[in-house]
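Worksheet: the structure to be examined is printed underneath.
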Amino acid sequence: MGKAWSRGAASRLGNAVVAVSLLVLVLVSFPRIHQEPLARVQQAWSEIKEMSAPSLPQAQVINSSVGARLYMWRMAFKEIREAPLLGHGSKARIAWIHRLGESSGSDAIKSLDHLHSDLLTTVFDHGLLGLLSYLSLGVALAWIALRSKLYDARLRWSVAGVLWMHLSSGLTNTNFGHNYYGVMLALSLALAWMLSTDETKEA
């Protein structure tokens, strides 16, 4: 028993060393993998600080990526209250965004067709009923991840990871505005299911 445990521990340690070495090799060989996300976070932070600077004109503040998002979201809440149940529709949303960009003098807003948020875009277009439809996917993924008696750990953690990615990225981006998002979401879930155990597939 002790020898078997030692071999298992050594195997896990070896796998961890190989994984860390590969990760370091990838990061060193392709520095843009971590440099570009870091640069975007730094840019977003500087734009957030600019928004609190009273000396800058509003037109300049809301012309940045972060400023345009926050301004659109604030104004969209007011518009959503006028049709909370069924929404305004996608054509009305596009026209409203363009009018908002014209009235605010923001080229960043005028260039957009969506609200940079899956949740807000769905509520604006389809109201609370559309939001329930959008959230049903997340509820289904959470149900699968929490059914510990039926599904194995690999499937639970994989589905939980997909759910976290889906909910977090949808806060500041309109994922379903792109065809590839639905395809990659379906492929990720299919791979998670195929890599699960045979007992899980039967269940």
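Please treat every number below as a calculation from the coordinates, not as lab data. If you're wondering where the values come from, they're calculated on a predicted model, not measured in any experiment. Here the Cβ is made from the backbone with ideal geometry for all residues, glycine too, and neighbour counts use every protein chain on show.
Sort 183-195, 88-100, 67-79 by the packing proxy (mean of other Cβ within 10 Å over each peptide's residues), most packed first.
Values: 183-195: 13.2, 88-100: 15.5, 67-79: 17.9.
Highest-to-lowest ranking by the protection proxy: 67-79, 88-100, 183-195.
Determine ³J(HN,Hα), in whole Hz, for all residues of the range 162-167 in sequence, where each value follows from phi through the Karplus function 6.51 cos²θ - 1.76 cosθ + 1.60 and θ = phi - 60°; x replaces Gly and Pro.
4, 4, 4, 4, 5, 6
What is the local net charge at residue 119, summed over the other residues whose Cβ is closer than 13 Å to its Cβ (Lys, Arg +1; Asp, Glu -1)? Walk me through the numbers on the way to the answer.
On the way: positive: 69; negative: 118, 125.
Its environment carries a net charge of -1.
Could you pull out every residue, at least 5 positions away or on a different chain, whose amide H is within less than 5 Å of the one on residue 87? Hs are placed 1.01 Å off N in the peptide plane, and Pro or chain starts have none.
127, 128
By the gyration tensor of its Cα atoms, with a ≥ b ≥ c the square roots of the eigenvalues, what is the shape of the range 133-183: rounded for a/c under 1.5, prolate for a/b over b/c, or oblate?
Values: a/c = 2.46, a/b = 2.13, b/c = 1.15.
Cα axes put the range 133-183 in the prolate bin.
Could you derive backbone 3J(HN,Hα) for the range 88-102 from the dihedral phi with the Karplus parameters 6.51, -1.76 and 1.60 (θ = phi - 60°), listing whole Hz in sequence and x where the residue is Gly or Pro?
Values per residue, Gly and Pro as x: 9, x, 5, 5, 5, 5, 4, 5, 5, 5, 5, 5, 5, x, 5 Hz.
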